[in-house]
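The values are calculated or read from the model by the stated rules, or taken from the named source; none is laboratory data. A quick note: this is a predicted structure, and the numbers were derived from the prediction, not measured. Quick reminder, even Gly has a Cβ in these numbers, built from the backbone with ideal geometry, and neighbours come from all protein chains shown.
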Amino acid sequence: MKAVQISISEKQLNPSGRGNLPRFIRGRKPLAIVAAGCTLAVLGGAGIAAASTIPFGQQQVGSQDDKGEQIASNQVIKPIGDRLMTPFGKIMGSTVSPDGRYLVGTSADRSVDLQVFDLATYKPVAAAGTLAATSFATAAGNAGYANMAYQHITDGSVGQEGPVFSPDGKFLYEPVATGVVRYPFNPDGSLGAGTKISIPTAGGKQALTAGMAFSPTARRCTQP
């Protein structure tokens, strides 16, 4: 598949490649994110997760035994780490802000596309999605998170990989169908209105951004 390059200003992009853990995670405890029966583990220098591919059998996703925790990818992970819970849909991909304060995940359940968590409290503080603002406020209040910030969006075609921060943490880039959406990221974890960077249709086929990586100079964003 041919890579597509999107030129964006240097101040807006994060030079860290996809799949690399930021330096501030090293030495910290493992972090497990659980949402709608799906578990995501983020590990630093505290240990390496052992994953086996035993069949589900009678095990349910999220269940634990002496072998570890069953996750949706038909694996059991151990160590499990600390658990971060969300009522707004399973996390498909995630990234941590450059200052280590926030974790942002993409999701496609319940009309919520982006979820922001404060890593000091392990609580959700903001979200963005196609769900009406009043409906989200009701759902968040019922879940015990009445003070969450919410950004209503119209494009719910979120990709299946995590978003990416700019080096200064002031912008968040979300993968979507036919492009990337750039959100201003505020110090309190809330998101500003997004701006879409479109990828043109080729041969009648639309591009679905699967992930993003940045050049060492932070001048280019490449998506597969």
### Query
All but one of (1) buried (at least 18 other Cβ atoms within 10 Å of the Cβ); (2) in contact with a Leu (Cβ under 8 Å, 6 or more places away or on another chain); (3) among the aromatic types (Phe, Trp, Tyr) hold for Tyr122; which doesn't?
(1)
### Query
Which residues, counting only those in the range 81-101, are in a loop (DSSP other than H, G, I, E, B), crowded, with 18+ Cβ neighbours inside 10 Å and either among the small types (Gly, Ala, Ser) or under 12 Å from the mean Cα position of the chain (by Cα) (or both)?
Gly81, Gly89, Lys90, Ile91, Met92, Ser97
### Residue, nearest to the chain's Cα centre (by Cα), within the range 103-120, restricted to residues that are β-branched (Val, Ile, Thr) and modelled with pLDDT of 95 or more
Val104
### Query
Mind checking which residues of the range 124-153 are within 13 Å of Gly194 (Cα to Cα) and among the hydrophobic types (A, V, I, L, M, F, W, C)?
Ala127, Ala128, Ile153
### Query
Conditions: (1) among the charged types (D, E, K, R); (2) surrounded by fewer than 16 Cβ atoms within 10 Å (Cβ to Cβ); (3) assigned to a strand (DSSP E or B). Asp155 meets all but one. Number of the miss?
(3)
### Message
I'm checking my understanding of the structure. Among residues of the range 102-129 that are touching a strand residue (DSSP E or B) at 6+ places or on another chain (Cβ under 7 Å) and part of a loop (DSSP other than H, G, I, E, B), which one is nearest to Tyr173 (Cα to Cα)?
### Response
Ser107
### Message
Residue pairs, Cβ under 8 Å, 6 or more apart or interchain, first in the range 144-169 and within 12 Å of Val181 (Cα to Cα) and at pLDDT below 90, second acidic (Asp, Glu) and surrounded by 23 or more Cβ atoms within 10 Å (Cβ to Cβ). List them.
### Response
Gly156/Asp113; Val158/Asp113; Val158/Glu174; Gly159/Glu174
### Task
Hey, can you tell me all the residues within the range 118-135 that are under 18 Å from Gly189 (Cα atoms) and out of contact with any Lys or Arg (no Cβ under 9 Å at 6 or more places or on another chain)?
Thr121, Lys123, Pro124, Val125, Ala126, Ala127, Ala128, Ala133
### Message
Could you check the range 115-142 and list, in sequence order, the residues that are hydrophobic (A, V, I, L, M, F, W, C) and in contact with a Phe, Trp or Tyr (Cβ under 8 Å, 6 or more places away or on another chain)?
### Response
Val116, Phe117, Leu119, Val125, Ala126, Ala127, Ala128, Ala133, Phe136, Ala137, Ala139, Ala140
#### Entry: Residues located in the range 192-223, provided they are closer than 22 Å to Gln115 by Cβ, assigned to a loop (DSSP other than H, G, I, E, B) and either at pLDDT 85 or above or touching a helix residue (DSSP H, G or I) at 6+ places or on another chain (Cβ under 8 Å) (or both)
Gly192, Ala193, Gly194
